[in-house]
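Readers should treat all values here as calculations from the given coordinates under stated rules, not as data from a laboratory. Just so it is clear, the structure is predicted and the values come from calculations on it, not from any experiment. Glycine also receives a Cβ, built like all others from the backbone with ideal geometry; neighbour counts cover every protein chain displayed.
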Amino acid sequence: MATQQALAGKVALVTGASRGIGAAIAHRLAAEGATVLVNYGRSKDEADAVVADICASGGHATAIQADVGNPAQVRALFAEIDRNHGGKLDILVNNAGVFLTGSVADVSDADYETTFNVNVRGLFEVTRAAIPRLPDGGRIINIGSILGERIPWPGISTYSASKFAVAGLTRGWARDLAPRKITVNCVQPGPIDTYMNPSDAAVNAFADTQRMQIALGEFGTADDVAAMVGFLAGPDAAFITGTTQTVDGGVIA
C-alpha cells in the first residue's frame, strides 16, 4: 500500500469496478487510504477478487451489486450504502459503461437504449443520489472517452454521443455544485490496454490502427487512468473543476 495516505478516512464509490479501468481505480483509491465500495453489475466473482486483493494489501473495500442502468437498482445501491456504511460518501467515480457499435442505419433500438441508459442515465441517477450524501468539498469524477471529442472511424456515433453527454454533464454539474466546493471532472481515456480493447493485434484487429495514432507509440494501462483519478480525488486537485483530463498518449494532440 502507498505510504502517503492522501485519502485516509474517505469513502469512495466506484461504479463498474470489477475489472479493467474500474478495478485499477478501486485499487488506486484504496492505496491512497480510501475505503472503496466496489460496484459491479453481473461479475460478482471478479468484484470479490478485487475486494480480496485490496484487503490483502491492507486496504478496505466492499463489493456492492447494482446495474446502474436500472434506476431501481441505483436506489437499492444507495439504500445499502445508507444501511451498511452510514450513508457516508466522499468520492464518486462514475466508471460503469458499455461500448456497443453500429452505424446509424444499423444500430438496434436495444443497443441505443442500453448505451444511453448505462453511459448517461446511469451516471445521472448515481450522481443525483450521491449528491445529498457527499460533504462540501467532495469529489465527482466521471470516466468519459476521447471518442467524446473526435470520431476517427464509422460505427461509433451512438457511443461517442453518450460520451459527449458525459463531458457536458461534467461541465454543468461543476457549476451546479460549485457553491458546495464539490468538484466535478471528467477523465477521458484513449487507447488503454484492457479486456475490452487489448493492445495485442493478434486478438484485436483494430490495435495497430489505434497504435499508429498514439504519439507515444503504445497503448496506455488502466493504472495510467487510475493515477489521474487518484489525483483528482485528492487534496491537490481542490481548485480543479469542470475539466476534461485526457489520458491518451497524445492521440488528440
Check your understanding: With axes computed from alpha carbons, what is the tilt in degrees of helix 222-233 against the longest principal axis of the chain, rounded to the nearest 10 within 0 to 90?
Key -> 40 degrees
**Study point:** Vicinal HN-Hα couplings computed from phi for the range 210-220 (Karplus, 6.51 cos²θ - 1.76 cosθ + 1.60; Hz; Gly/Pro x)
**Key:** 5, 4, 5, 8, 8, 4, 7, x, 9, 4, x
Exercise for review: For Asp136 and Ser103, calculate 0.36 nm times their separation in residues minus their Cα-Cα distance, and state this gained length in nm to one decimal.
Suggested key: 7.6 nm
Review point. Taking the Cα-to-Cβ direction at Phe239 and at Lys88 and moving 7 Å from each Cα, how far apart do the two end points lie in nm?
Key: 3.0 nm
Exercise for review: Grab the Cα-Cα distance for Asp223 and Ala76, subtract it from 0.36 nm times how many residues apart they are, and report the gain in nm with one decimal.
Suggested key: 49.9 nm
Review point. Tilt of helix 44-56 relative to the longest C-alpha principal axis of the chain, in degrees (0 to 90, nearest 10)?
Key: 60 degrees
Practice item. Would you mind checking which residues have amide H under 5 Å from Gln188's amide H? H placed 1.01 Å from N; only 5 or more apart, or other chain. Key: Gly144, Gln245, Thr246, Val247
Study note, to complete from the structure: Note to self: C-alpha centroids of the range 95-136 and the range 46-69 sit apart, in Å, by 22 Å
Check your understanding: What FRET efficiency comes out for the pair Ile151/Arg128, r = Cβ-Cβ distance, R0 = 30 Å, nearest 0.05?
Key -> 0.55
Review point. FRET efficiency for Ala202 and His60, Cβ-Cβ distance as r, R0 = 51 Å, nearest 0.05?
Key: 0.85
Exercise for review: Note the angle between two axes, namely the Cα long axis of helix 20-31 and the longest principal axis of the Cα atoms of the chain, as a number of degrees from 0 to 90, rounded to the nearest 10.
Suggested key: 30 degrees
**Study point:** Potential lengthening between Arg180 and Asp45 on full extension [0.36 nm per residue; Cα-Cα distance subtracted]
**Key:** 44.8 nm
**Study point:** Computed helical MRE - 222 nm, the chain, DSSP H runs ≥ 4 contributing -39500 (n - 2.57), nearest 500
**Key:** -12000 deg cm²/dmol
